[in-house]
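Report on the following structure.
The values are calculated or read from the model by the stated rules, or taken from the named source; none is laboratory data. A quick note: this is a predicted structure, and the numbers were derived from the prediction, not measured. Only protein heavy atoms, including side chains, enter the accessible area calculation; ligands, DNA and RNA are left aside. Shrake-Rupley method; radii C 1.70, N 1.55, O 1.52, S 1.80 Å.
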Amino acid sequence: MTPLPPDAPANLRPVLNDLLAAVRAWRAPEAPTPIYACAQAALPPAANWPRTVLLVSDLNILAHSDGVHWIRQDTGATL
């Protein structure tokens, strides 16, 4: 990732530096990150979130999207 250019406006430098730090942390996390949680009835469309993991809070299980369905991690069944 490239550093800020020297001609970046002075008033934007703090914001741009914060954004740059956030993107670097996202690309190479140094600690666990929270996982999105929702109830089974409120699951977003799996097609919108392929290769994504979430916590199904009312079932207390993890599920991942295969791009079509949410798949339970405990049984492999679809939700």
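Ignoring any ligand, DNA or RNA, what whole percent of the accessible area of the chain comes from carbon and sulfur when the probe is 1.4 angstrom?
61
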Mean accessible area per residue over the chain (1.4 angstrom probe, all protein chains present, square angstrom) is 75
